[in-house]
Amino acid sequence: VDVYTEESVKAFRAALEEAVELLKDENALQYELDAAQQKLQEAMDGLTIIPVDKSKLEKAVKEAQKYVEKLNEYTPQSAELFQGALDAAKAVLDDERATQEQVEHAFVNLQNAIFNLRLIPNKDKLEELLSKAENIDLSLYTEESGNVLKAAIADAKAIFEDENATEKQVAYASDLLAKAMDGLKTAESKEPTDDKKPSAGQGNASEKKPTAAKTGDTTMMFVWILVMIAGVSTVTVIYKKRKYE
């Protein structure tokens, strides 16, 4: 009923009510029934379809054809939504009983689908960064910076494998991965510190303790003593010999 003008619908309803009431009357004459039937038929024939302007939708469908020719260049999800909206728009155009509201709805859906088409992004840079990041030996870096890189690699992999990932998502993943690699910090060696204070039982570490004589020094001293004794003995023997000559 919504597809017809208000005036023609009003005339039809009046004729219908009159015919129904007449049928309920057991005393109704045949010519009255025939007249009511003819009036109802004329009201039905007089139903006028509301003029529908499909010019905008026709133009939109025509312009959408250029996207159909290169639909494989867009992400599968956005391409599927576009194709569905285009098919629906064509169905409305072919429907002679389509209302203006249906036409407007199909037009808006098709426009939105065209606007939301997303080109398949180039993932070469992201793939190269992933290859470099996965070959890094994380044992050489701090655990914290290594964990940041691991998380960036996981996110980048998910976006790289997502066939519906947008150019913006790919660029973001590449940037995040590059920053994570640049932020790696080399792990410091675990050497004991020199500022540990001695315990109470150890005494003052700054006090010097007497050191035992080195083995080499003792040996040399003993040799010199022997030499000196031997010298003294030689002198004594010579002296005694001269005395008794």
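The values are calculated or read from the model by the stated rules, or taken from the named source; none is laboratory data. Note that the structure is a prediction, hence the values are computed from the model and not measured. These area figures cover heavy atoms from the full protein model, side chains too; ligands, DNA and RNA do not enter into them. Shrake-Rupley method; radii C 1.70, N 1.55, O 1.52, S 1.80 Å.
Please list, ordered by chain and number, the residues whose modelled amide H lies under 5 Å from the amide H of Tyr74; skip anything fewer than 5 residues away on the same chain.
Result for Tyr74 returns Ile120.
What figure in square angstrom, to the nearest 10, would you give for the accessible area of Ser139 with a 1.4 Å probe?
90 Å²
Please compute P(r) over all alpha-carbon pairs of region 124-191, binned at 5 Å starting from zero, and give each bin as a whole-number percent.
3, 19, 29, 20, 13, 8, 4, 2, 1, 0, 0
What translational D, rounded to a whole number of µm²/s, comes out for region 110-158 from Stokes-Einstein when the hydrodynamic radius is the Kirkwood one over Cα pairs, at 20 °C and 1.002 mPa s?
Working: Rh = 13.2 Å.
The calculation lands on 162 µm²/s.
How large is Rg over Rh for region 16-139, taking Rg from the Cα atoms and Rh as the Kirkwood inverse mean of 1/r across Cα pairs? Don't jump to the answer; show the numbers that get you there.
On the way: Rg = 29.2 Å, Rh = 19.8 Å.
Rounded to two decimals, Rg over Rh is 1.48.
How large is the accessible surface per residue of region 1-109, computed with a 1.4 Å probe and reported in Å² as a whole number? Before the final figure, lay out each step's value.
On the way: 7860 Å² over 109 residues.
For region 1-109, the solvent-accessible area averages 72 Å² per residue.
Across region 92-103, in residue order, what do the Karplus-derived ³J(HN,Hα) couplings come to in whole Hz, using 6.51 cos²θ - 1.76 cosθ + 1.60 with θ = phi - 60° and x for Gly and Pro?
Coupling constants for region 92-103: 5, 4, 7, 8, 5, 9, 5, 8, 5, 5, 5, 5 Hz.
For Tyr4, list long-range residues whose amide hydrogen, built 1.01 Å from N in the peptide plane, is under 5 Å from its own amide hydrogen.
Answer set, sorted by chain and number: Ile50.
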